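A.B. asks: Take a look at this one; I'll ask things after.
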Amino acid sequence: MVKDIALRIQSLDWASIQNDLDASGFAKLPVILTPQECEFFMELYSGEASYRTTINMTRYRFGNGQYKYFSYPLPELIQNLRESFYPPLAKTANRWLHYLKKPQPFPETLQDFLKICAQYEQLRPTPLLLKYQQGGYNCLHQDLYGDVFFPFQVVFVLNHREKDYTGGESLLVEQIPRAQSRGHVITLEQGSALIFPTHYRPVLGKRGYYKNTVRHGVSTVTSGERYGLGIIFHDAK
């Protein structure tokens, strides 16, 4: 099940993905996970042994739903997804740093990046599974978790839109300096994914690049249940 994950990710059209990230700040990916892999994660959600904590979103006013953070060691499939997505996204991250004239590029491998997280006492894993039932939603937010954060994250939808649930679109909102905010509504098919900024994206203006702050969330699920998988690359404090 996990042997060809790296090959699937390497085989993506990364030139087009890099262009989308520069032009729009996000990139919608084709189907990567098989139906069997999606089913594996949805079945895994009902257990407790794989997780370090469970968050009731209503309790913290984050929205309406529930999510669970995995503990180390991560399931092999998630570990492979995290390790395989990191290198091409690190190239984009370093290009964005160059645009903004910032030093300290991101290392080439996930393990070297996590060593930096550890230096800042960020040691808790952040990949997570999310579940929304009818009426569920996720308020606009950012997943930073500490002083060190990777500028991209990847989210998968694990079940069928329009069959298993309706509504529940992925939301991105850009805060544009001295202007009104811009929203993006993205729908994903089972096993497909969205790459989006964790904190901000660089935008070219008349005087060089500036930052647009980006927040993400999920619109209200109007029927059924929606499952998601979030791949976050930095560890949490």
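The values are calculated or read from the model by the stated rules, or taken from the named source; none is laboratory data. In this text, all values refer to a predicted model and were calculated from it rather than measured experimentally. With ideal geometry, Cβ positions are generated from the backbone for all residues, glycine too; neighbour counts draw on all protein chains shown. We work out accessible area using only protein heavy atoms, side chains counted, and drop any ligands, DNA or RNA first. Shrake-Rupley method; radii C 1.70, N 1.55, O 1.52, S 1.80 Å.
A.B. asks: Which members of the range 45-104 meet the condition of being in contact with a Pro (Cβ under 8 Å, 6 or more places away or on another chain), in a loop (DSSP other than H, G, I, E, B) and more than 21 Å from His216 (Cβ to Cβ)?
C.D. replies: Ser50, Ser71, Tyr72, Leu74
A.B. asks: Considering the range 82-102 alone, what residues qualify as being surrounded by 17 or more Cβ atoms within 10 Å (Cβ to Cβ) and of a type in the set (A, V, I, L, M)?
C.D. replies: Hits for the range 82-102 are Leu89, Ala90, Ala93.
A.B. asks: If we keep just the residues of the range 1-53 that are hydroxyl-bearing (Ser, Thr, Tyr) and open to solvent by 60 Å² or more (accessible area, probe 1.4 Å), which is farthest from the chain's Cα centre (by Cα)?
C.D. replies: Checked the range 1-53; the qualifying residue farthest from the chain's Cα centre (by Cα) is Ser46.
A.B. asks: Checking the structure you have, find out if any residue of the range 131-144 is in contact with a helix residue (DSSP H, G or I) (Cβ under 7 Å, 6 or more places away or on another chain), within 20 Å of Ala236 (Cα to Cα) and of a type outside the set (A, V, I, L, M, F, W, C).
C.D. replies: No: the range 131-144 contains no residue that is in contact with a helix residue (DSSP H, G or I) (Cβ under 7 Å, 6 or more places away or on another chain), within 20 Å of Ala236 (Cα to Cα) and of a type outside the set (A, V, I, L, M, F, W, C).
A.B. asks: Sort out which residues of the range 190-215 are surrounded by fewer than 14 Cβ atoms within 10 Å (Cβ to Cβ) and either closer than 22 Å to Ile231 by Cα or basic (Lys, Arg) (or both), and write them in order of number.
C.D. replies: Going through the range 190-215, the residues surrounded by fewer than 14 Cβ atoms within 10 Å (Cβ to Cβ) turn out to be 204-208.
The answer is Lys206, Arg207.
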